[in-house]
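S.K.: Sharing a structure below in structure tokens format, with a few things to ask.
The values are calculated or read from the model by the stated rules, or taken from the named source; none is laboratory data. Keep in mind that this is a model prediction, so the values were computed, not measured. Positions of Cβ are backbone-derived with ideal geometry, glycine not excepted, and every protein chain shown enters the neighbour counts.
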Amino acid sequence: MQELVLVLIAAGVLAVLAVLLYLLWRSRRAPAPPDAGSPRPPRDPFADVAETSGDPTRIKAGDMLDFGTERTWIRGSLRLSEGGYDWAEHFLEVEEGRRWLSVEEDPDVQMVMWTARPELDLTPHADTLELEGVRYRLVERGTASYRSEGTTGLRAQGGMDYADYEAPQGRHLAFERFDHGRWEPSLGVAVAPGSFTVYPGS
């Protein structure tokens, strides 16, 4: 009887050892879990867009724009909407002063680089306006709602009035009035698609 008990104990010990050896063998074959502290591999910032220049319709605060001779960052954006039609204006970080890049699809992507001209004593009071020897013709005016992202100097959301004028050779004159404030004139120059590269900020 005592010999049978010893045999059973020995068999149990061998079974436990076998299980332990099997678990050790499995753990060595399993792939090591990724190290949470290891650096992320390099990622192509344009992997999810169709063009290597980036998609201007997806520009947002924090993105960098590379014009080849100049690099600038997007400080903030205005998302504007009027009657189901949407467009955007992006505030650029530049030394020369306040500049905006407007981006709209109508139906092709149209972009204009704007420079604020707060010193001008000018309002959109006529169908044609002359400024610095250039005659501009009124092409559109309206009222839109806006939503502010990042640094814009405006409220989180509100309303704006606008009047857009055009002249030959891709020159633009625009007036904007935010939240019933004063008219703000800006001069703009058309920007061709592909003339800059967008580096997403995140």
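S.K.: Just to be sure before I move on: is Glu132 over 13 Å from the mean Cα position of the chain (by Cα) and at pLDDT 90 or above in the structure I sent? Even if it seems obvious, please write down each step before you answer.
M.R.: Details: over 13 Å from the mean Cα position of the chain (by Cα): yes; at pLDDT 90 or above: yes.
When the stated conditions are applied, Glu132 passes them.
S.K.: Okay, moving on. Which one is farthest from Ser186 (Cα to Cα), of the residues in segment 83-128 that are β-branched (Val, Ile, Thr) and surrounded by 13 or more Cβ atoms within 10 Å (Cβ to Cβ)?
M.R.: Looking at residues that are β-branched (Val, Ile, Thr) and surrounded by 13 or more Cβ atoms within 10 Å (Cβ to Cβ), I get Val109.
S.K.: Same structure, new question: Any idea how many residues of segment 178-188 are surrounded by fewer than 13 Cβ atoms within 10 Å (Cβ to Cβ) and either under 23 Å from Asp66 (Cα atoms) or free of Cβ contacts under 8 Å to residues at least 24 places away in the same chain (or both)? Spell out how you get there, then give the answer.
M.R.: Of segment 178-188, the ones surrounded by fewer than 13 Cβ atoms within 10 Å (Cβ to Cβ) are 179-182.
Retained after the next criterion (residues that are either under 23 Å from Asp66 (Cα atoms) or free of Cβ contacts under 8 Å to residues at least 24 places away in the same chain (or both)): 180-182.
Total meeting the criteria: 3.
S.K.: So for segment 151-158 (the condition being without any contact (Cβ under 8 Å) to a residue 40 or more places away in the chain, under 21 Å from Gly76 (Cβ atoms) and either surrounded by 14 or more Cβ atoms within 10 Å (Cβ to Cβ) or of a type in the set (Ser, Thr, Tyr) (or both)), does at least one residue qualify?
M.R.: For segment 151-158, residues without any contact (Cβ under 8 Å) to a residue 40 or more places away in the chain, under 21 Å from Gly76 (Cβ atoms) and either surrounded by 14 or more Cβ atoms within 10 Å (Cβ to Cβ) or of a type in the set (Ser, Thr, Tyr) (or both): present.
S.K.: Can you find a residue that is touching a Lys or Arg at 6+ places or on another chain (Cβ under 6 Å) and of a type outside the set (Ser, Thr, Tyr) anywhere in segment 96-115? Show your work before the answer.
M.R.: Of all residues in segment 96-115, those touching a Lys or Arg at 6+ places or on another chain (Cβ under 6 Å) come to 115.
Imposing the further condition that a residue be of a type outside the set (Ser, Thr, Tyr) reduces the set to none.
Looking for residues that are touching a Lys or Arg at 6+ places or on another chain (Cβ under 6 Å) and of a type outside the set (Ser, Thr, Tyr), one finds none in segment 96-115, hence no.
S.K.: A further question on this structure: State whether one or more residues within segment 132-149 are touching a strand residue (DSSP E or B) at 6+ places or on another chain (Cβ under 6 Å), under 15 Å from Leu173 (Cα atoms), buried (at least 18 other Cβ atoms within 10 Å of the Cβ) and not small (Gly, Ala, Ser).
M.R.: Among the residues of segment 132-149, at least one is touching a strand residue (DSSP E or B) at 6+ places or on another chain (Cβ under 6 Å), under 15 Å from Leu173 (Cα atoms), buried (at least 18 other Cβ atoms within 10 Å of the Cβ) and not small (Gly, Ala, Ser), which makes the answer yes.
S.K.: Could I ask something else about it? For the structure I just gave you, tell me whether Glu95 is among the charged types (D, E, K, R) and not in a strand (DSSP E or B).
M.R.: On the way: among the charged types (D, E, K, R): yes; not in a strand (DSSP E or B): yes.
It is true that Glu95 is among the charged types (D, E, K, R) and not in a strand (DSSP E or B).
S.K.: If a residue has to be of a type outside the set (Ser, Thr, Tyr) and crowded, with 16+ Cβ neighbours inside 10 Å to count, how many in segment 63-72 make the cut? Steps first, please.
M.R.: Going residue by residue through segment 63-72, those that are of a type outside the set (Ser, Thr, Tyr) are 63-68, 70-71.
The next check asks that each one be crowded, with 16+ Cβ neighbours inside 10 Å; those that pass are 63-65.
So the count comes out to 3.
S.K.: So which strands (runs of 3 or more DSSP E) stay within segment 117-181 end to end and still have 3 or more residues that are in contact with a Gly (Cβ under 8 Å, 6 or more places away or on another chain), at negative phi and of a type outside the set (Lys, Arg)?
M.R.: 134-150, 171-178
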